[in-house]
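First up is the structure itself, then whatever we jot down about it.
The values are calculated or read from the model by the stated rules, or taken from the named source; none is laboratory data. Everything quoted here is computed from the prediction, not taken from an experiment. Positions of Cβ are backbone-derived with ideal geometry, glycine not excepted, and every protein chain shown enters the neighbour counts. What goes into the accessible areas is simple: the full protein's heavy atoms, side chains included, and nothing from ligands, DNA or RNA. Shrake-Rupley method; radii C 1.70, N 1.55, O 1.52, S 1.80 Å.
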Amino acid sequence: MFSSKEEFKKFFMNRIADKRSQKSLEMAFETLWEMTHEWIQENWNRTNQLYEKEPEKQLYYFSIEFLIGRVLGQNLVNLNFYDVVKEGLDELGLKLSEIEELEDEPGLGNGGLGRLAACFMDSLASLALPGHGYGLRYKGGLFTQHFVNGNQTEQPTKWIKEKNNADARQKDLAVEVAYYGDVQLVVGTAGVKRTIENPVWVKAVPYDLPIVGANGGTINTLRLWQAEVSERPFPSTKDHTVYEHETAKITDRLYPDDSLESGKILRLKQQYLLCSASLQDLLRNPSFPVEEIPENIAIQINDTHPALAIPELMRILIDDHSLGWEQAWDITTRTISYTNHTILTEAMEKWDCHLIQSLLPRIYLIIEEIDLRFKESLQNQGKTVDVLRKLSIIEEGVIKMAVLAVVGSYKVNGVAKLHTNILKKREMKELNEQFPNKFHNKTNGITHRRWLIKANPELSELITETIGARWVKEPERLDELHSFAQNPSFLQDFQAVKKLKKEQLIYHLQRDQNIVVDSASIFDIHIKRFHGYKRQLMNILHIQMLYNRIKHDSTYRPYPRTFFFGGKAAPTYHFAKQVIKMINTIASKVNNDPLVREHLHIVFVENYNVTQAEYLIPAAEVSEQISTASKEASGTGNMKLMMNGALTIGTFDGANVEMFEQVGEENAFVFGMRAEEIMQYEKEKSYNPKEIIEGDPEIAKMMRQLATGKFTDGKINADFIVEQLLEDKDPYFVLKDIHSYAKAHEKILKAYDNPMKWAEMSVKNMAASGIFSSDRTIQQYSDDVWHLSKVPSIH
Ligand code: F58
C-alpha cells in the first residue's frame, strides 16, 4: 500500500524494473493489475476471516448474468487510489486511461438485468454488507457486434486469457452436479429416501472474483462456476466423447436472448449447474444446523433463471439431510426471495415437463409435489377452476417458472413502482391475492461509483467542489445541488464539463470508428438492447419525418442534432435486426446529404457495451427513454443518464415515472400514452393503426417509403417492420405515439435555445438523481428482505 504519488511511483518502478522491461503500456498494465490484486487480496482475506470468525447472516445473489464491465479502473476508484495512480503514471509519461483500455471487458450479461446484478454487488460491498454473487463463468460473453452493409453480424467473444484474469480458480472447492439418471427409492435407517442412480456427473469448478467496496473496506466474493468433465464413474450406455463435448458446452457461452427454441437443454443445464453447485457450496460444512438456514442465509434469485434453487434446496434437505417435506418446505420458503424483471409474456420462462423429467428426474418429482400440495390447499380454500388454473405451477405439460418462484419464496419484488403495481394488479393478480404480504417494490438503482465517479470524474470533482465530498458516501446528498441550479458560475462550470465530455466522446469515436461529430450539436442518445417495446423504430421514424420535412419545407432549418444509437439485437430477433439495418441506412442517407447533414447527424456506435456506455453517458444531453408504457419494468440507463445531467425524453413507464416525480415534469420531456390507456387498448383489441395511416398524410408517406424500401435499402429489409406495423397492428403503439413524441422533440429544441435554462434543468436532474443510487435499493432490500448486519470495519 502507499499513501502518496511519490510512493506509488517508487513501488511501480521497482516492479517494472523487476521484470527488466521498459515502460510499455502492456507491461504497465500487467504491473498495475498485479499490484492492485495484491492490495485487494490482503483485504479480501481479512474480510473472509471476519466472516468465518463472526458468522453473521450472509446474502447470496443468484444470477445467470453479471455484467461487471472492466474492473481495473473501478477497483482503483473504490480503493481510493485512482487519482494518485493517475498522477503518478502521468509523471512517468504513461496514461492510466490508455492502460485501462487494454483490459478486455467480460461481457457476462445481456443488458439491464446483468448490469443490475453488477451494481448490486458494488453497493453491497460498499455498504459493508455481507452479500455475494453466484453466477456462471461463460467462456464467451455476449457476442461482438459488427455492421456489414448496415446489418448486424455477431462474432463470438472470449474474455478469458492465459493470465491476468479477473478471477481465480478454486479447484479444491469443485462440486459435482448430477444430470439424467434414475430416481431410486432406498429404505435406510432414517426411513425412505431417494437417490439418483447412474447420473451423468459434471464437475463445477468455482472461480472467485473480488468485489471491492468503497474505500477498499469490505471485499465480497463473486463466485462463477465453470463446467468441467468429472472423474466420477460414467454410465456405460453413454459415449464419453459426446459427454466431454456436451460438458464443455454448458458454460461455453452466454445466451443472447429469451428465445427458448434453440439450445433449450443447454440453457436448462446452465440454470441447474448454477443452482445446484451454489447450494452445495453453501451447505458444505455449515457452521449452523440446516434447520437454521433462514437465520443464516438469504438467497435472492435474479429473475426465474435460478428458480431451480427452490426444488434443489428441497432435494438437498430431504434426500441429503433426511428432513421431512413440511420442514424442508418451511426452510426453503423462508430462505429464497425472487425478483421479477418483466411482464412480457414471451420472456416468462416455461419449461416442457418432459425436458425437466429427463434431464433432472428428481427435481421434476419435487416440482410436481410442490404443485400438487399447493393445488390441494387451494382446493381446500374453495378456489374456482379458473383461479386454480392460473395458480398452477404445472399446466398443460409445461412448468411456469414464475409461479414456482412466487410459491417457493418469501418475498417477491418488482423493480419499479409501476411495474410492481402491474404485477400485483394484473400479471400476478391471483398470486398476489393468495399471498398478500409477499409482493413488494424495490425500485432499481445504479452505482454512482461507476456511473458518476468513475465515468465522469470531472463532473464528480465539480460536485465535490460545490457541495463537499459527503455525497460520495451519501448520494442522496446530491440534492444539495438544488441550491446551485440558478447559480450562473456553477452552471457555466457544468456546461464546461459537459462540453469536455462531449469532446472526449468525439475523440473516442473518431479514433475507433472514424466518425466526425460536431461538438456544438445536441447529443441525443438512445442506448439499450434492441427490442420492439423499446421503440428504437419510433426514434428512427421520427428522424425520417425530420428528413422529409427538411427536404420539402425550405423554412424548416432546425438546430443541429446528433442522434446516437447503441445496442445489440438478439441474433434470432429479425424485426430488431431490421430496425438496426434501417437506422444504418437512414444514417448514410442523412449523413451524406449536404443539406440535411447541416441539421441532422446519425451515429450508430458499434458493439455497445459497458465500456462504450461509460463514454456515451457523460456526454449525453438528451436521454431517450421511450418504451411503450407498461412494458419496461424499470430501466436503469435512464437513471445513469439523469445522474450525468441529461434531460429525459420519455414515457410514463418503468422508473421514468419515479424520475419525473423526483425532478418534476417541467424538467423533462414527457409524452405518449399512459400504461392504463395502453392496457385498455390491449384488452379491448381496439387499436387500429390503419386508421391512423389513412387519416395522416405524413405517416402515410412514411409507410409508403418503408413499403417501397426507400429508407431501408430495399423492400426486403423492411418486411418484418411493415408487417409489425400493419398485420400485427403495431403492438408497441409506435404510430399512435409518434406525434406526441415529435412535439416533445420540438420542446427540446426550444429549451436548448436557452443554454442557461437548459443547464439549470440538467443540474436539477443531477440533484434529483441521488435516490436512484443502488446503495438506496440495497439498503431497502437489506432492511425489508434480507435483514443483514454491517460487517465491522477491518481497518
Ligand atoms: C431488464 N431485463 C428489464 N432482461 O428489461 C429492465 O426494465 C430492468 O431495468 C432490468 O432488467 C433490471 O431490472 C433484462 O435485462 C434480460 O437481459 C434477459 C435476460 C435473459 C436472456 C434474455 C435477456
Just checking: which of the strands (runs of 3 or more DSSP E) contained wholly in the stretch 308-401 hold 2 or more residues that are charged (D, E, K, R)?
350-352
Yes or no: N220 within 25 Å of the chain's Cα centre (by Cα), of a type outside the set (D, E) and surrounded by 13 or more Cβ atoms within 10 Å (Cβ to Cβ)?
yes
Can you tell me which residue among I293, I250, I310 is open to solvent by less than 10 Å² (accessible area, probe 1.4 Å) and either among the acidic types (D, E) or closer than 17 Å to V407 by Cβ (or both)?
I310
In the stretch 61-108, the residues that are within 16 Å of the ligand (Cβ to nearest atom) and either assigned by TED's automatic domain parsing to the domain that holds R529 or modelled with pLDDT of 95 or more (or both):
Y61, F62, S63, I64, E65, F66, L67, I68, G69, L108
Which residue is nearest to S276 (Cα to Cα), if the candidates are limited to the stretch 109-132 and must be assigned to a loop (DSSP other than H, G, I, E, B) and within 16 Å of the ligand (Cβ to nearest atom)?
G109
Return the only residue of P210, P206, P235 being at pLDDT below 95 and not in a helix (DSSP H, G or I).
P235
N591, sole failed condition from (1) farther than 30 Å from G141 by Cβ; (2) in contact with a strand residue (DSSP E or B) (Cβ under 8 Å, 6 or more places away or on another chain); (3) touching a residue at least 40 places away in the same chain (Cβ under 8 Å)
(3)
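Yes/no matrix, rows are residues, columns are (1) out of contact with any strand residue (DSSP E or B) (no Cβ under 7 Å at 6 or more places or on another chain); (2) away from the ligand (no atom under 16 Å from the Cβ):
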residue: P558; (1), (2): yes, yes
residue: F563; (1), (2): no, yes
residue: G566; (1), (2): no, no
residue: A576; (1), (2): yes, no
residue: N584; (1), (2): no, yes
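Which residues, counting only those in the stretch 55-85, are assigned to a helix (DSSP H, G or I) and touching a helix residue (DSSP H, G or I) at 6+ places or on another chain (Cβ under 7 Å)? Even if it seems obvious, please write down each step before you answer.
Taking the stretch 55-85 first, the residues assigned to a helix (DSSP H, G or I) are 72-78, 82-85.
Correct list: L72, G73, Q74, N75, L76, V77, N78, Y82, V84, V85.
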Quick check: is even one residue across the stretch 133-144 among the basic types (K, R), within 16 Å of the ligand (Cβ to nearest atom), in contact (Cβ under 8 Å) with a residue 40 or more places away in the chain and open to solvent by less than 40 Å² (accessible area, probe 1.4 Å)?
no
Could you list, in sequence order, all residues of the stretch 181-192 that are open to solvent by 70 Å² or more (accessible area, probe 1.4 Å), in a strand (DSSP E or B) and farther than 23 Å from V229 by Cβ?
Q184, L185, V187, V192
Out of the stretch 725-769, which residues are among the hydroxyl-bearing types (S, T, Y) and within 21 Å of R674 (Cβ to Cβ)?
Y732, S740, Y741
Checking the conditions here, which among T144, T157, T153 is assigned by TED's automatic domain parsing to the domain that holds L283, in contact with a Gly (Cβ under 6 Å, 6 or more places away or on another chain) and not charged (D, E, K, R)?
T157
With the requirement that a residue be surrounded by 24 or more Cβ atoms within 10 Å (Cβ to Cβ) and assigned to a helix (DSSP H, G or I), what does the stretch 414-430 give you?
L418, H419, L423
Considering only the stretch 161-180, state which residues are open to solvent by 20 Å² or more (accessible area, probe 1.4 Å), in contact with a strand residue (DSSP E or B) (Cβ under 9 Å, 6 or more places away or on another chain) and part of a loop (DSSP other than H, G, I, E, B).
N165, Q170, A174, Y180
Residues of the stretch 402-413 satisfying the condition of being more than 25 Å from A675 (Cα to Cα) and either out of contact with any Ser or Thr (no Cβ under 9 Å at 6 or more places or on another chain) or in a helix (DSSP H, G or I) (or both):
L404, A405, V407
Out of (1) under 16 Å from T651 (Cα atoms); (2) under 27 Å from the mean Cα position of the chain (by Cα); (3) assigned to a helix (DSSP H, G or I), the odd one out for I540 is which?
(1)
